[in-house]
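The values are calculated or read from the model by the stated rules, or taken from the named source; none is laboratory data. Predicted, not measured: the structure shown is a model, and the values here were computed from it. A quick note on method: Cβ atoms are made from the backbone with ideal geometry, for glycine too, and the neighbour counts reach across all protein chains shown.
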There are 2 protein chains.
Amino acid sequence: MAFTDKQLEIIQVAEALFAEKGFDGTSIRDISAKADVNVAMVSYYFGSKEKLLEALVLHRIADMSLQLENIVGLEASPKDKILKVTEVYLHKLAANCDMYKIVQQEMAHGKRQLNSDAFNEVRTANMDLIRKIVEEGQRQGAFQQNVKVELLPNLMVGSFMHLTTNRSYYQQIMQLTDDSFAQYLQVDFVKHIQQTLMGLLCHPPQNV
Amino acid sequence: MAFTDKQLEIIQVAEALFAEKGFDGTSIRDISAKADVNVAMVSYYFGSKEKLLEALVLHRIADMSLQLENIVGLEASPKDKILKVTEVYLHKLAANCDMYKIVQQEMAHGKRQLNSDAFNEVRTANMDLIRKIVEEGQRQGAFQQNVKVELLPNLMVGSFMHLTTNRSYYQQIMQLTDDSFAQYLQVDFVKHIQQTLMGLLCHPPQNV
């Protein structure tokens, strides 16, 4: 996952173009022109546009791993760590909203490029870091024993994606302008998901 | 929303074909051939393939409204009603998995056909039924006061869609076969979402 400066530049250029013109609407030629390298160089580095998208996604979630590792190592309660993890996940999603939409569409289409072993390894490594925090909380008696850790990222990412995919509907019913929706994603929605995770982790099972 | 028997038959044929061959891979001609009506009849009834999809979605969620109304009227505690609502939502999603995937893709593409007023009206009516149950629980002191009702369907639908969109990954990490994943969606996943909603509705806010 160690990219050279030039590779990182190509990845960043690709990200901006995918966000602006969509994945299908962007060609390797567009990317190489804007990154000021020749087409052969992009192909040499990444192989294909799909592989370039994969490199971009891996780069983004590898960065998440670092942040999660930092949170695991903090002098803080497991609850505070989970609150921080939620914030990091949702801010990352908000900052890369278009990118996640592209990934989601690739997944929904049943294309397999992004379902790669490398991608899944990083996802699983991130999940294991969350598991560490949950187990710490369970040992301290702060969290319930019966927690499906693999469904915690599912809850954060799924809720976020559904909200942004149905953005115009939610803006309408919550009476939010474009600007206040962006603000909502950063603040109130983060609080809502934090509250949801706290309920799930701390509330004793009942009636279920 | 009252469809004739013939219209319902066309809707059901369209649903089966969309699920089998995708929305883009299905033509009005395919639908009319299988429903044994002429092409002009389908166009006369529904206008376009997009409008036919809209009619199908409206038909499906109108059916949900009936089920939700029944739950609201039950002699049961608000908690039990929410547990039942979760079951109805998730079983409906599982039964119409392909259809929701098509809807999600239409939304993600930024196409506006499904963002129609009629669609949003039914969604909002369903949400109002859930709001009734939540307010009943709040009056009885069973639920917290500070609940974002508009985010409850978001949580159910978003988590479900993310799980099924990333199905191969989740099957791998949870070691589930195709059959046991289908079973998982019907039972354990429903319990997980029920537990999540109970935590959110009943657990006092803290640290957030």
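Among residues of the stretch A:37-57 that are at negative phi, those with a Cβ under 8 angstrom from a residue that is in a loop (DSSP other than H, G, I, E, B) and of a type in the set (Ser, Thr, Tyr), sequence gap 6+ or separate chain, pair up as A:Lys49/A:Thr26; A:Lys49/A:Ser27; A:Glu54/A:Ser116. Among the conditions (1) at pLDDT below 95; (2) outside any loop (DSSP other than H, G, I, E, B); (3) of a type outside the set (Gly, Ala, Ser), B:Met156 misses just one, which is (1).
No other residue among A:Met127, A:Met161 is under 20 Å from A:Val57 (Cα atoms), facing chain B (nearest Cβ under 9 Å) and in contact with a Pro (Cβ under 7 Å, 6 or more places away or on another chain) apart from A:Met127. The number of residues in the stretch B:168-189 that are facing chain A (nearest Cβ under 9 Å) and either of a type outside the set (S, T, N, Q) or in contact (Cβ under 8 Å) with a residue 24 or more places away in the chain (or both) comes to 6. Which residue out of B:Asp179, B:Asp188 is more than 18 Å from A:Gln172 (Cα to Cα), over 21 Å from the mean Cα position of the chain (by Cα) and among the charged types (D, E, K, R)? So the residue among B:Asp179, B:Asp188 that is more than 18 Å from A:Gln172 (Cα to Cα), over 21 Å from the mean Cα position of the chain (by Cα) and among the charged types (D, E, K, R) is B:Asp179.
Please go through the stretch B:132-149 and pick out each residue that is basic (Lys, Arg), surrounded by 15 or more Cβ atoms within 10 Å (Cβ to Cβ) and either outside any helix (DSSP H, G or I) or free of Cβ contacts under 8 Å to residues at least 40 places away in the same chain (or both).
Matches in the stretch B:132-149: B:Lys148 only.
A count restricted to the stretch A:70-91 and to residues that are more than 27 Å from A:Lys101 (Cβ to Cβ) and acidic (Asp, Glu) stands at 2. Within the stretch A:172-185, the set of residues being surrounded by fewer than 16 Cβ atoms within 10 Å (Cβ to Cβ) and in a helix (DSSP H, G or I) comprises A:Gln172, A:Ile173, A:Asp178, A:Asp179, A:Ser180, A:Ala182, A:Gln183.
Conditions tested, residue by residue: (1) more than 19 Å from A:Ile102 (Cβ to Cβ); (2) of a type outside the set (D, E, K, R).
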site	(1), (2)
A:Ala2	yes, yes
A:Leu17	no, yes
A:Lys21	no, no
A:Val37	yes, yes
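What do you reckon, is A:Gln67 at pLDDT 90 or above and under 16 Å from A:Val122 (Cα atoms)?
yes
For the stretch A:173-196, the criterion of a residue being modelled with pLDDT of 85 or more and either closer than 29 Å to B:Phe23 by Cα or in contact with a Cys (Cβ under 6 Å, 6 or more places away or on another chain) (or both) is satisfied by at least one position.
Of the numbered criteria (1) at the interface with chain B (Cβ under 7 Å from one of its Cβ atoms); (2) assigned to a helix (DSSP H, G or I), the one A:Ile193 fails is (1). Among the residues of this structure, B:Glu135 does not count as one that is in the same structural domain as B:Lys81 (by TED's automatic domain parsing), acidic (Asp, Glu) and either modelled with pLDDT under 95 or touching a Ser or Thr at 6+ places or on another chain (Cβ under 6 Å) (or both). Kindly indicate whether B:Val103 is at pLDDT below 90 and closer than 17 Å to B:Met161 by Cβ. Against the criterion (at pLDDT below 90 and closer than 17 Å to B:Met161 by Cβ), B:Val103 qualifies.
Residue-wise test of (1) in a helix (DSSP H, G or I); (2) in the same structural domain as A:Phe3 (by TED's automatic domain parsing); (3) out of contact with any Pro (no Cβ under 6 Å at 6 or more places or on another chain).
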residue	(1), (2), (3)
A:Phe18	yes, yes, yes
A:Thr26	no, yes, yes
A:Ile31	yes, yes, yes
A:Val37	no, yes, yes
A:Ser43	yes, yes, yes
A:Ala55	yes, no, yes
A:Ile61	yes, no, yes
A:Ile71	yes, no, yes
A:Glu75	no, no, yes
